[in-house]
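Structure, as structure tokens:
The values are calculated or read from the model by the stated rules, or taken from the named source; none is laboratory data. No experiment lies behind these values; they were computed from the predicted model shown. Here the Cβ is made from the backbone with ideal geometry for all residues, glycine too, and neighbour counts use every protein chain on show.
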Amino acid sequence: MALSARVRLPERATRGEVVEIRSLVSHPMETGFRVDSFGRRVPRRILVRFSVRYAGRLIAEMDLRPGIAANPYVAFRFVADRSGELELRWQGDDGEELIERGQLEVSDP
Amino acid sequence: MTTGLKRRRMLMTLAGSAGFWLLPRAFGDLESRLEQALTERFGERRPEGSGVELEINRLVENGNSVAVTVRAAAGEPPPVALHLFMPRNPEPWGTTFRVEPPALPEFSTRIRLAGTQDVVAVAEWPDGRLGATAVAVMVTLGACADDLYLEF
């Protein structure tokens, strides 16, 4: 099943400004601990890694475990110090992958 | 003894023995579950002091999705990673957020809580030092309350 994400990326900022990234991915985050109505274990299927690159630098990387709710939401902030590409990437335990990109323009105050 | 009393006594005995068998699995060993999760992540290292803030509702109706924010207290150097543990969940290790400047040492997400428990946030500094904050969260309806956990 194709993954889809809703992300809010900053597009413009002044140098030194603190900006925020918010992201939400449609994903069941099936824990592997549940059993279905026939008593069979529902196999685990989760996103295991979320990583963010900003102007070529890895600035945040998150390990996701079954304790993260379905449709994982992650938000964090960073200091806009230069113009560059933002790349958000999610990886699942079954090899699935989703990448979202955006451009951040940073101007001098 | 009347049959009513007999019945009551038998029911109480049954309830008592059920509690005896169920309680230790559900509640008894949260501390050692947390200890084990910490050992898996940090080896011999243990948190000393705090330096990390954990924002989470203390009373949660639905454990399937609980908003949480972990934020390192201001100070230099900033931590390299923030961890979350939910000792009563089938897997106590919740998440690890590794962070580097210019990103700020904080993140928000939504977690599952299998039941009432102390949620623990741990900050990890570049020199290996750890700090932790725990918040007791009461959960009315645990995650997957309508499902049977194999483990629990």
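Test B:L23 against the criterion of being away from chain A (no Cβ under 14 Å) and at pLDDT below 95, and give yes or no.
So B:L23 passes the test.
When residues of the range B:31-50 are filtered for being part of a loop (DSSP other than H, G, I, E, B), out of contact with any strand residue (DSSP E or B) (no Cβ under 7 Å at 6 or more places or on another chain) and not acidic (D, E), how many remain?
Count: 1.
Return the total of residues in the range B:67-106 being more than 7 Å from chain A (Cβ to nearest Cβ) and surrounded by 18 or more Cβ atoms within 10 Å (Cβ to Cβ).
Adding up the residues that qualify gives 15.
Would you point out which residue out of A:G92, A:G102 is more than 23 Å from B:G94 (Cα to Cα), small (G, A, S), more than 10 Å from chain B (Cβ to nearest Cβ) and surrounded by 14 or more Cβ atoms within 10 Å (Cβ to Cβ)?
Exactly one residue qualifies, and that residue is A:G102.
Within the range B:58-96, how many residues are of a type in the set (G, A, S) and over 14 Å from B:V139 (Cα atoms)?
Count: 6.
Of all residues in the range B:52-63, how many are crowded, with 20+ Cβ neighbours inside 10 Å and in a loop (DSSP other than H, G, I, E, B)?
1
Can you tell me which residue among B:G63, B:G115, B:G43, B:G51 is more than 11 Å from chain A (Cβ to nearest Cβ) and farther than 24 Å from A:E61 by Cβ?
Only one candidate passes the filter, namely B:G115.
Got a number for residues in the range A:32-54 being in contact (Cβ under 8 Å) with a residue 40 or more places away in the chain and either hydrophobic (A, V, I, L, M, F, W, C) or farther than 28 Å from B:P102 by Cα (or both)?
Total meeting the criteria: 6.
So which residues in the range A:81-109 are closer than 21 Å to B:L82 by Cα and of a type in the set (A, V, I, L, M), if there are any at all?
A:L88
Against the definition (in a loop (DSSP other than H, G, I, E, B) and touching a Cys at 6+ places or on another chain (Cβ under 9 Å)), how does B:A74 come out, yes or no?
Answer is no for this residue.
Counting just the residues of the range A:1-56 that are of a type in the set (S, T, Y) and loosely packed, with under 15 Cβ neighbours inside 10 Å, which one comes out modelled with the lowest pLDDT?
Result: A:S37.
Just one of A:V79, A:V74 is aliphatic (A, V, I, L, M), within 7 Å of another protein chain (Cβ to nearest Cβ) and in contact (Cβ under 8 Å) with a residue 60 or more places away in the chain; which is it?
Unique residue meeting the criteria: A:V79.
Residue-by-condition table, conditions (1) in contact (Cβ under 8 Å) with a residue 60 or more places away in the chain; (2) farther than 24 Å from A:F50 by Cα:
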position: B:E48; (1), (2): yes, yes
position: B:V66; (1), (2): yes, no
position: B:P78; (1), (2): no, no
position: B:M86; (1), (2): no, no
position: B:P92; (1), (2): no, no
position: B:T95; (1), (2): no, no
position: B:F107; (1), (2): no, no
position: B:L130; (1), (2): yes, no
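Check off (1) within 22 Å of B:E31 (Cβ to Cβ); (2) at pLDDT 95 or above; (3) outside any strand (DSSP E or B) for B:V137 and give me the number that stays unchecked.
(3)
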